Amino acid sequence: MKTLFTTALLALAATAAHAADPAAYPERPIRMLLPFSAGGGGDTLGRFLAERFAAQLKQPVVVENKPGAAGTIGTQSVATATPDGYTIMIGGMSTHPLAAATYAKLPYDPVRDFQSLGTIGNSSIVMVASNSYPANNLKELTALARKQQAPVQYASWGSGSTGHFCGEILSQKAGIPLQHVPYKGTAQIITDLLGNHISVAFVDMVTATPFVKEGKVKALAVCTKRSPSLPNVASYQEQGVDFDRELTWAMYVPAKTPKPIVDKLSAVLERTLKEPEVVSKLLSLGITAKYVSGAEQQAINARDIPMWKSIAKQAHMALD
């Protein structure tokens, strides 16, 4: 009996060691957690990359949506997941640097609790206006804002969103009064723009591009970099707003994930972003594919969080 018990313990130990062996990774399906609602741009991006990862890793990559609280609910579940490479996530500006800037009690540290696998690419946010709005660019909008007595109202898809930050950056850098009007999503923003219920808004590139190209709304500027999706729309910096930080999408795993596993996943991401079909697909989502190493991305987040906090503090953007 003692011999059987000892043998069982040794077998269990051997199995555990093998399961934790980075060289054998992956041996079972991987969970890709998306802290976004199904059907949105982040969801489309995640599901597309999940297929690419599954093909290279020879294991299923199961997508799980876990939205809520600007993406922080799903992001927290990744921060506390077992660091074994079987939980990965797509993260955006709102889940990491902007969350750190706006939430007084964020339940995770966006730098210490994660290891970045690298950036997926850069996206842009479009400042759009109804066709009846008298301003056609930032110079005209600035002049209008300084002339009228009330602040210029602008919509975004929520308090603390990237669009909200784009509005506050413009307000602070250009020195003009703007008032944020939070919506629950970009679809309603477009509906209200078309109906002239609102005049100015920030929306993502995927939402804005078809309406701009069809002439249903007009684009005043791109926050922050000029985008290949709308190449004729000038960026903030090109229009005199001194701000050029890139708005990135990235992939993350929990901190303390073994380095060989991180390296393997990072290599898969880097190879994937070189595929012409992937580059084209990302561009259709308003993302310019660009791989930056995980270590560099971690450093960028750590460097920029104080800057985003300063913008949020000046705009009184604190969230519970």
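Some observations on this one:
- Some residue of segment 214-224 being at negative phi, surrounded by fewer than 23 Cβ atoms within 10 Å (Cβ to Cβ) and free of Cβ contacts under 8 Å to residues at least 40 places away in the same chain: yes
- Residue check for Ile176: assigned to a loop (DSSP other than H, G, I, E, B), farther than 25 Å from Arg245 by Cβ, in contact (Cβ under 8 Å) with a residue 24 or more places away in the chain and touching a helix residue (DSSP H, G or I) at 6+ places or on another chain (Cβ under 6 Å): no
- Sole residue being within 20 Å of Lys309 (Cα to Cα) and without any contact (Cβ under 8 Å) to a residue 60 or more places away in the chain, chosen from Tyr154, Tyr183, Tyr103, Tyr108: Tyr108
- Positions within segment 65-82 being assigned to a loop (DSSP other than H, G, I, E, B) and either buried (at least 20 other Cβ atoms within 10 Å of the Cβ) or in contact with a helix residue (DSSP H, G or I) (Cβ under 8 Å, 6 or more places away or on another chain) (or both), in sequence order: Lys66, Pro67, Gly68
- Checking Leu193, Leu269 one by one, the residue that is over 23 Å from the mean Cα position of the chain (by Cα), modelled with pLDDT of 95 or more, buried (at least 20 other Cβ atoms within 10 Å of the Cβ) and not in a loop (DSSP other than H, G, I, E, B) is Leu193 and no other.
- Extreme residue, farthest from Pro228 (Cα to Cα), among residues of segment 260-282 that are in contact (Cβ under 8 Å) with a residue 24 or more places away in the chain and not hydrophobic (A, V, I, L, M, F, W, C): Pro260
- Meets criteria (under 16 Å from Ser123 (Cβ atoms), touching a residue at least 12 places away in the same chain (Cβ under 8 Å), among the aliphatic types (A, V, I, L, M) and in the same structural domain as Gly92 (by TED's automatic domain parsing)) for Val206: no
- Only residues that are within 14 Å of Phe114 (Cα to Cα) and not small (Gly, Ala, Ser) were counted across segment 266-299, and they come to 3.
- Residues satisfying the stated conditions in segment 66-85, i.e. out of contact with any Pro (no Cβ under 7 Å at 6 or more places or on another chain) and at pLDDT 95 or above: Ser77, Thr80, Thr82, Asp84
The values are calculated or read from the model by the stated rules, or taken from the named source; none is laboratory data. None of the values given here were measured: they were computed from a predicted structure. Heads up, the Cβs are rebuilt from the backbone with ideal geometry, glycines too, and the neighbour counts pull from every protein chain shown.
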